[in-house]
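The structure appears below as structure tokens.
Only the coordinates and a few stated rules stand behind these numbers; no lab work does. In this text, all values refer to a predicted model and were calculated from it rather than measured experimentally. Quick reminder, even Gly has a Cβ in these numbers, built from the backbone with ideal geometry, and neighbours come from all protein chains shown.
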Amino acid sequence: DSGVTQTPKHLITATGQRVTLRCSPRSGDLSVYWYQQSLDQGLQFLIQYYNGEERAKGNILERFSAQQFPDLHSELNLSSLELGDSALYFCASSVDGNEKLFFGSGTQLSVL
Amino acid sequence: GQSLEQPSEVTAVEGAIVQINCTYQTSGFYGLSWYQQHDGGAPTFLSYNALDGLEETGRFSSFLSRSDSYGYLLLQELQMKDSASYFCALRGKLIFGQGTELSVKP
């Protein structure tokens, strides 16, 4: 158990809908990262927050947004969902430097 | 831009030693990390190199050559449970390689 909690574990929805994925980082970790992993693909970096502020942005679509709250939990919002958004979404956290990320068990999103 | 290249698949037998290579291109290098991911599971951290040389952690070791923009993960005394995907990642860039699927055969 990495100490990073993601909910829900599975999400099935329809095209055009909006969903919210939730992540609670390890106790004491200030940085939260979101990654997307499509079938048999690598981990695509979406966005990083540090202590409530956006720190780095990857190839995140405009339909996607995220935030980190004062209690350090984070939410990833995906809207106007398309079939291609079906993927495993991972949240990770770290203390400060990102040489060692702790990953949650992921949210499997299926868009039908 | 930044990129990492890894072989897509590697096969080895139980008890053997296997090396998974990673070459990278980046402007500004801060370190190379390695992660293991079992099918559908969470990636877990294995090793990290910021300086040239070998880092050893039990059966796993990682090597870095900054002048060659190259690193590798060495797995010794392979076990069936080592069958998984292995990713290298650039610290600071938050970018992962496409992963190497390791199959360990009896």
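Just so you know, in the stretch B:96-106 the residues that are touching a strand residue (DSSP E or B) at 6+ places or on another chain (Cβ under 6 Å) and either of a type in the set (S, T, N, Q) or within 10 Å of chain A (Cβ to nearest Cβ) (or both) include one that is surrounded by the fewest Cβ atoms within 10 Å (Cβ to Cβ), and it is B:103. Scanning the stretch B:1-47 for residues that are in contact (Cβ under 8 Å) with a residue 12 or more places away in the chain, under 13 Å from residue B:85 (Cα atoms) and not in a strand (DSSP E or B) yields B:6, B:7, B:8, B:38, B:39, B:43. Pairing each residue of the stretch A:1-14 that is more than 13 Å from residue A:92 (Cα to Cα) with any residue that is assigned to a loop (DSSP other than H, G, I, E, B) and not basic (Lys, Arg), provided the two are 6+ apart or on different chains, yields C-beta distances under 7 Å for A:9/A:105; A:12/A:112; A:13/A:81; A:14/A:112. Entry remark, the stretch B:79-89: residues being among the aliphatic types (A, V, I, L, M) and either free of Cβ contacts under 8 Å to residues at least 40 places away in the same chain or out of contact with any strand residue (DSSP E or B) (no Cβ under 6 Å at 6 or more places or on another chain) (or both) number 0 in total. Screening residue A:17 on (1) more than 9 Å from every other protein chain (Cβ to nearest Cβ); (2) under 28 Å from residue B:6 (Cβ atoms); (3) among the polar types (S, T, N, Q) shows it passes everything except condition (2). Restricting the stretch A:63-112 to residues that are part of a loop (DSSP other than H, G, I, E, B) and within 10 Å of chain B (Cβ to nearest Cβ), the residue that is surrounded by the fewest Cβ atoms within 10 Å (Cβ to Cβ) is A:97.
Restricted to the stretch B:66-89, and to residues there that are away from every other protein chain (no Cβ under 14 Å) and aromatic (Phe, Trp, Tyr), the residue that is farthest from residue B:54 (Cα to Cα) is B:70.
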